[in-house]
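The values are calculated or read from the model by the stated rules, or taken from the named source; none is laboratory data. Fair warning: this is a prediction, and the values are worked out from it, not measured in the lab. Cβ coordinates were reconstructed from backbone atoms using ideal geometry, including for glycine residues, and neighbour counts include every protein chain displayed. Remember, those area values only see protein heavy atoms, side chains included, never the ligands or the DNA or RNA. Shrake-Rupley method; radii C 1.70, N 1.55, O 1.52, S 1.80 Å.
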Amino acid sequence: DDKPAVNLKSIVAQIDDVLQEKLTGTVFAGQDIHLLEGPGGEVMVQIGPTRHPGVEAVPDPEIQALIRKAVAEWDAKPK
């Protein structure tokens, strides 16, 4: 049974999991920051009640950097 585990989560949900790990212990931990998949498959960033249409639309450069780090970490994981 050496088959790789099948991950049924979307790529955005998988990257959000990595982001949640990165947010732990930071000043952003309690701000309810999540990556969501929009209706057309695009990435939406939710910060509290506000949704932003993509990483570039997030007003805080530190949050943008954390998201980019999460994407890079996810991308480096074996698929």
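Points worth noting:
- Qualifying positions in the stretch 25-36 - over 16 Å from Ala65 (Cβ atoms) and either under 13 Å from the mean Cα position of the chain (by Cα) or open to solvent by less than 60 Å² (accessible area, probe 1.4 Å) (or both): Asp32, His34, Leu36
- Members of the stretch 30-69 that are of a type in the set (Gly, Ala, Ser), out of contact with any Asp or Glu (no Cβ under 8 Å at 6 or more places or on another chain) and at pLDDT 95 or above: Ala57, Ala65
- Close pairs (8 angstrom Cβ cut-off, 6 or more residues apart or separate chains): at positive phi in the stretch 28-44, open to solvent by less than 40 Å² (accessible area, probe 1.4 Å) and in a loop (DSSP other than H, G, I, E, B) anywhere: Asp32/Gly48
- Residue satisfying condition, being in contact with a strand residue (DSSP E or B) (Cβ under 8 Å, 6 or more places away or on another chain), open to solvent by 50 Å² or more (accessible area, probe 1.4 Å) and under 18 Å from Ile11 (Cβ atoms), within set Pro53, Pro39, Pro78: Pro53
- Restricting the stretch 59-75 to residues that are without any contact (Cβ under 8 Å) to a residue 24 or more places away in the chain and within 18 Å of Ala13 (Cβ to Cβ) leaves a set whose member that is least open to solvent (accessible area, probe 1.4 Å) is Ala72.
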